[in-house]
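> After the structure tokens below, expect a handful of questions from me.
Throughout, read-outs are computed from the coordinates displayed, never taken from laboratory work. Since we're looking at a predicted model, the values are computed, not measured. Note that each Cβ is placed from the backbone with ideal geometry, even for glycine, and that neighbours are counted across all protein chains shown.
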Amino acid sequence: MREYETTLIIQPEISDEGVGTLQERLDGILEGLGAIRLIYDDLGKRRLAYEIQNFQKGRYVMLRFLDDGSNIKGLERALGLEDSIIRFLTVQVSDAVEDVAARQAEAAEEERIRAERPPSEPRAKPKKPHDSRWKKPNGSGPKPRKRKNARPPKRKRRPKLRPKRHPKLRPTLRPTLRPKLRPKPRPKLRPKPRPKPRPKPRPKLRRKKLNPAHR
């Protein structure tokens, strides 16, 4: 007999009752295939490394069992039909288990210890180093330190409103002592006149010669 371990990722929205129903279903699948279940451990919700089927978290479940290796494909086929299971992976833990009864007793003790394990508490957010410098709600506590050579905040300048002047009252510009040298304007090139078309010569009129007999 060989020992296998299957890790399942279940949808995080499923309640504890749904997880218990899934456990009973897995036990029935292993019993129908002729495998021996050793350990079933619910590892709780964890954050996924990447998003799977629009889920950022998943509920991890570890399942260990004994089998000769011929029913692994049937088990994975049954797991693939479960809608609540997002991912699953089966690996071989031990190549040969000689004493099955001793391994079952060891697995039962390990499962009991895992069940008595306290649930993992959420990690507390680390406090910022400057939180203790501010005043407490009752007014006690040290005052916040002022930075040396701190620049005052910039004030927004209001736009100056200049009165409109009459065009006749505008001051004339003073003539400069040195006139600015401006480039000479280029002469405009006139287009060449088109030649007039020559009149066509008129065709010469030829008189018909009369036959003297008709005179």
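> Would you say Leu22 is in contact (Cβ under 8 Å) with a residue 24 or more places away in the chain, surrounded by 15 or more Cβ atoms within 10 Å (Cβ to Cβ) and either part of a helix (DSSP H, G or I) or not hydroxyl-bearing (Ser, Thr, Tyr) (or both)?
Criteria met by Leu22.
> In the stretch 40-63, is there at least one residue being polar (S, T, N, Q) and part of a strand (DSSP E or B)?
Looking through the stretch 40-63, at least one residue is polar (S, T, N, Q) and part of a strand (DSSP E or B).
> Moving to a separate point now. Could you tell me which residue of the stretch 89-107 is surrounded by the fewest Cβ atoms within 10 Å (Cβ to Cβ), considering only residues that are closer than 22 Å to Glu24 by Cα and touching a residue at least 60 places away in the same chain (Cβ under 8 Å)?
The residue in question is Val91.
> If only one of Ile72, Ile29, Ile10, Ile85 is closer than 19 Å to Ala115 by Cβ and surrounded by 15 or more Cβ atoms within 10 Å (Cβ to Cβ), which one is it?
None of the other options fit; the residue is Ile10.
> Please go through the stretch 46-74 and pick out each residue that is free of Cβ contacts under 8 Å to residues at least 60 places away in the same chain, more than 19 Å from Glu111 (Cα to Cα) and among the charged types (D, E, K, R).
Once the filter is applied, which keeps residues that are free of Cβ contacts under 8 Å to residues at least 60 places away in the same chain, more than 19 Å from Glu111 (Cα to Cα) and among the charged types (D, E, K, R), the stretch 46-74 yields Arg46, Arg47, Glu51, Lys57, Lys73.
> Would you confirm, using the coordinates I've provided, whether Glu5 is surrounded by 11 or more Cβ atoms within 10 Å (Cβ to Cβ) and closer than 18 Å to Glu110 by Cα?
Yes: the conditions hold for Glu5.
> Just one of the numbered conditions (1) in a strand (DSSP E or B); (2) out of contact with any helix residue (DSSP H, G or I) (no Cβ under 6 Å at 6 or more places or on another chain) is not true of Arg37; which one?
Result: Arg37 fails condition (2) only.
> Based on what the data block shows, is Ile86 in contact (Cβ under 8 Å) with a residue 60 or more places away in the chain and of a type in the set (A, V, I, L, M, F, W, C)?
Yes, satisfied.
> The conditions are (1) in a strand (DSSP E or B); (2) aliphatic (A, V, I, L, M); (3) over 19 Å from Arg112 (Cα atoms), and Leu66 fails exactly one of them. Which is it?
(3)
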